[in-house]
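Undergrad: Mind having a look at this structure? Questions to follow.
What follows draws every value from the coordinates through simple rules; no lab data is involved. Worth saying up front: this structure is predicted, and the values here are computed from it rather than measured. Neighbour counts are summed over all protein chains in view; Cβ atoms, including those assigned to glycine, are modelled from backbone coordinates with ideal geometry.
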Amino acid sequence: ITAIRVKNFSFYYDNQKIIEDVSMEIPQNKITAIIGPSGCGKSTFLKSLNRMNELEGEVKVEGKVEFFGQNIYGRRVNLNRLRRQISTIYARPNLFPMSIYDNVAYGVKLIGWHPKVELDEIVELALKAADIWEEVKNKLYKSALELSFGQQQRLCIARALAVKPQVILMDELCVGLDPIATMKIEELIECLRSELTIVFVSHNIQQVSRLSDFTALFHYNENRIGQLLEFAPTKK
Ligand code: ADP
Ligand code: ADP
């Protein structure tokens, strides 16, 4: 089953073409890695899958991106809903200056009111799913910013999981993490793989080979416009 179908998709920032004529089918509950040289539009492409790039500048698109058949660039799309269903996790942890608990509960509270006991449970389950519960269960009301970099990154994953996304987009998730923190994140991704569609950008070819089912290889052409060169099962 295809979760996201990209069809003849071109993308412009400020009328400058960044990505040209990309077509691919991102399979549901699989892990797809995006690789390619620096500046070829990997990040831009990732952000175009849930329209996060509109926060960055004037954008224009051609072609289509369909999420389970719905054109995400259509007129009637609810952007908040789209970004809950397709959630982004950034290279650098971007937690709010709030407690660990409030960070995880944040998105859930935006969607609707829950009694405290229910919210407690959602937070606990998300922290467990992100494999950080044991490390934070005794300090849920301490500031999230006191955690280590690797823990903050797992907390970002917990925050995203709490709103039950169907797709998670990850941009260079392990940049600046030490090998143990990186291993923890990779193990976490392994655990999530059967229930979630994950698309991640990486420069680490071993990581791509370890984690991904499919690889989308981008390059840029002679006009420095990003193009998809190949989409294929990851070589193991
Ligand atoms: P990659 O992730 O492959 O390194 P990016 O998607 O970050 O590539 O960048 C691709 C191109 O898009 C670069 O030339 C970059 O300068 C340009 N670009 C990225 N973000 C913006 C933006 N917000 N406004 C204008 N141009 C941008
Ligand atoms: P920032 O503006 O600080 O970069 P983001 O917009 O990236 O924050 O959101 C951070 C996290 O908060 C995301 O992972 C997302 O799951 C959650 N989030 C953001 N906006 C909403 C929303 N409207 N509804 C639910 N969750 C949201």
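Undergrad: Please give every one of the aspartates and glutamates within straight-line cross-link reach of LYS235, meaning a C-alpha to C-alpha distance under 12 Å, and leave out same-chain neighbours fewer than 8 residues apart.
TA: ASP213
Undergrad: Set the bar at 23 Å for Cα to Cα. Now go through LYS17/LYS236; LYS7/LYS236; LYS42/LYS64 and name every pair that lies beyond it.
TA: Numbers: LYS17/LYS236 34 Å; LYS7/LYS236 27 Å; LYS42/LYS64 17 Å.
Violating the 23 Å Cα-Cα cut-off are LYS17/LYS236; LYS7/LYS236.
Undergrad: Using θ = phi - 60° and the Karplus relation 6.51 cos²θ - 1.76 cosθ + 1.60, list the HN-Hα couplings for the stretch 213-221 in order, rounded to whole Hz, with x at every Gly or Pro.
TA: Values per residue, Gly and Pro as x: 8, 10, 10, 9, 9, 9, 8, 10, 8 Hz.
Undergrad: If amide H atoms are built 1.01 Å from N in the plane of the peptide, which residues on other chains or at least 5 residues away come under 5 Å of the amide H of ASP21?
TA: HN-HN under 5 Å from ASP21: PHE9, SER10, PHE11.
Undergrad: Please turn the phi angles of the stretch 143-151 into ³J(HN,Hα) values with the Karplus equation 6.51 cos²θ - 1.76 cosθ + 1.60 (θ = phi - 60°), one per residue in order, whole Hz, x for glycine and proline.
TA: So the Karplus estimates, Gly and Pro as x, are 4, 5, 6, 7, 6, 5, 4, x, 5 Hz.
Undergrad: Counting Lys and Arg as +1 and Asp and Glu as -1, each charge on the Cβ, what is the dipole of the chain about the Cα centre in debye, to the nearest 20? Provide the component values of the computation, followed by the final result.
TA: Details: 30 positive and 28 negative charges, 94 e Å.
So the magnitude is around 460 debye.
Undergrad: Which one, LEU55, GLY226, ASN138, projects farthest toward the positive side of the charge dipole computed for the chain from Cβ point charges (K/R +1, D/E -1)?
TA: LEU55
Undergrad: So, one more: Could you pull out every residue, at least 5 positions away or on a different chain, whose amide H is within less than 5 Å of the one on THR215? Hs are placed 1.01 Å off N in the peptide plane, and Pro or chain starts have none.
TA: ALA33, ALA232, THR234
Undergrad: Right, another one. Angle, helix 116-129 long axis vs. longest principal axis of the chain, Cα atoms, 0 to 90°, nearest 10?
TA: Helix 116-129 sits at roughly 60 degrees to that axis.
Undergrad: Round to the nearest 0.05 the FRET efficiency obtained for PHE68 and GLU186 when R0 = 35 Å and r is the Cβ-Cβ distance. Please report the intermediate quantities before stating the final value.
TA: Working: r = 28 Å, r/R0 = 0.79.
With R0 = 35 Å, the Cβ-Cβ based efficiency is 0.80.
Undergrad: Given the options ASN221, ASN50, ASN78, state which has the largest fluctuation in a GNM of the chain using a 10 Å cut-off (strictly under) for Cα springs.
TA: Fluctuation is largest for ASN78.
Undergrad: Once R0 is set to 25 Å, what does the formula 1/(1 + (r/R0)^6) return for the Cβ-Cβ distance between LYS7 and ALA232, expressed as a FRET efficiency to the nearest 0.05?
TA: Details: r = 18 Å, r/R0 = 0.73.
Working from the Cβ atoms, E equals 0.85.
Undergrad: Mind listing the phi-derived Karplus ³J(HN,Hα) values for the stretch 96-104, rounded to whole Hz, using 6.51, -1.76 and 1.60 with θ = phi - 60°, and x for any glycine or proline?
TA: 7, x, 9, 5, 4, 4, 5, 4, 6
Undergrad: Please list, by residue number, every one of the trypsin sites (Lys or Arg not before Pro) in the stretch 86-190 that is coil in DSSP and has at most 14 other beta-carbon atoms within 10 Å. Show your work: numbers first, answer last.
TA: Numbers: sites: LYS109, LYS116, LYS128, LYS137, LYS139, LYS142, ARG154, ARG159, LYS184; in loops: LYS137, LYS139, LYS142.
Sites meeting the loop and neighbour criteria: LYS137, LYS139, LYS142.
Undergrad: Relative to the first principal axis of the alpha-carbon coordinates of the chain, what is the inclination of helix 179-192, with its axis defined by its Cα atoms, in degrees from 0 to 90 and to the nearest 10?
TA: Between helix and principal axis, roughly 80 degrees.
Undergrad: Near LYS109, which aspartates and glutamates are there with a Cα under 20 Å away, not counting those fewer than 8 places off in the same chain?
TA: LYS109 reaches GLU118, ASP120, GLU121, GLU124.
Undergrad: Note the full-extension length gain between ARG76 and TYR141 as 0.36 nm times their separation in residues minus their Cα-Cα distance, in nm to one decimal.
TA: 19.5 nm
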